Amino acid sequence: WSYSLALLLATIAAVAIAILASYRRGAPGAASLIVLSSAMAVWTSFYALHFAAQSEAVRLVWLKMTYLGVLTVPTAFLAFAIRFSNRGYQLKKRVMALFLIEPLLTFLMLWWDPQGLFFGGRIPSGMILSGGPWFWFNVVYSYSLIFVALVLLIAAYRQISTIYRAQALAVMGGAFLPILVDVAG
């Protein structure tokens with residue numbers, strides 16, 4: 001229950017960030033930050049329910065539902081980084097649609113995967129980190145988008161004026177901390 005409680009606190013923080021960003025909708029990256037924070041809230045709330053569930057069948061449903069957020073975060077983070085680094089002119093709807101193909105295929109595979117490509121033919125128990133070839137493809141894809149986003153944020157930090165550097169550091173710190181925790185876990 002303590003892990004579920006921590007995840008619920010993370011959900012509250014993500015919702016608060018989404019609400020605060022909604023007040024600054026016109027700012028560069030605000031819309032992407034709203035989507036990113038909302039996806040993180042979905043991820044953490046369903047994951048909390050996953051750990052709180054008593055039966056394996058219910059846990060599996062909540063586990064699959066976490067992927068609504070999990071699959072959205074990398075693309076939303078990349079969109080945010082592109083906007084934050086003033087490269088929004090490169091963010092075309094057609095390009096973003098291409099980035100959504102893999103998450104959509106992955107989500108469909110979570111629910112209808114008779115070959116076991118995502119979960120490797122076995123029902124996961126407890127840990128998400130057990131899977132088949134598509135699971136690992138998704139991991140590589142997601143971390144590739146996150147890596148590109150971090151490179152864009154670092155480049156933006158080096159190019160912005162001193163008064164905005166604290167803001168850029170906060171954004172990068174907010175991005176690096178969950179990644180480090182995820183990799184360590």
Under a 1.4 Å probe, what is the accessible area of the range 1-153 per residue, stated in Å²? 56 Å²
So for the chain, Kirkwood radius off the Cα pairs, Stokes-Einstein at 25 °C and 0.890 mPa s: how many µm² s⁻¹? 141 µm²/s
For the range 61-82, list residues with backbone N below 16 Å from a point placed 7 Å from the Cα of S144 toward its Cβ? 74-76, 78-79
Can you pull out the trypsin sites (Lys or Arg not before Pro) in the range 10-96 that DSSP calls coil and that have at most 15 other Cβ atoms within 10 Å? R24, R25, R87, K92
Report ³J(HN,Hα) in whole Hz for each residue of the range 93-101, in order, from the Karplus equation J = 6.51 cos²θ - 1.76 cosθ + 1.60 where θ = phi - 60°; Gly and Pro get x. 4, 5, 5, 4, 4, 5, 5, 8, 4
Once the Cα atoms of helix 30-52 and of the chain are each reduced to a long axis, what angle between those two axes, in degrees from 0 to 90 to the nearest 10, is obtained? 30 degrees
Given the convex hull over the Cα atoms of the range 1-104, what projected area results after averaging over all orientations, in nm²? 6.9 nm²
The chain - percent relative contact order, Cα under 8 Å, separation 6 or more: 18 percent
If one takes the longest principal axis of the Cα atoms in the chain, at what angle in degrees, from 0 to 90 and to the nearest 10, does the Cα axis of helix 133-159 lie? 20 degrees
Label-point separation in nm, F137 to Y164, each point 7 Å along Cα→Cβ: 3.8 nm
Under the Karplus relation 6.51 cos²θ - 1.76 cosθ + 1.60, θ = phi - 60°, what is the ordered set of whole-Hz ³J(HN,Hα) values for the range 18-23, x standing for Gly and Pro? 4, 5, 4, 5, 5, 6
Report, to the nearest 10°, how far helix 56-70 tilts away from the longest principal axis of the Cα atoms in the chain, using its own Cα long axis and a range of 0 to 90°. 20 degrees
222 nm mean residue ellipticity, helices alone, for the chain (DSSP H n ≥ 4; -39,500 (n - 2.57); rounded to 500): -25500 deg cm²/dmol
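The values are calculated or read from the model by the stated rules, or taken from the named source; none is laboratory data. Here the structure is a predicted model, which means the values were calculated and not measured. All Cβ positions, even for glycine, are placed from backbone atoms using ideal geometry, and neighbour counts span all protein chains on display. Accessible surface is based on the protein model in full, side chains and every heavy atom, while ligands, DNA and RNA are left aside. Shrake-Rupley method; radii C 1.70, N 1.55, O 1.52, S 1.80 Å.
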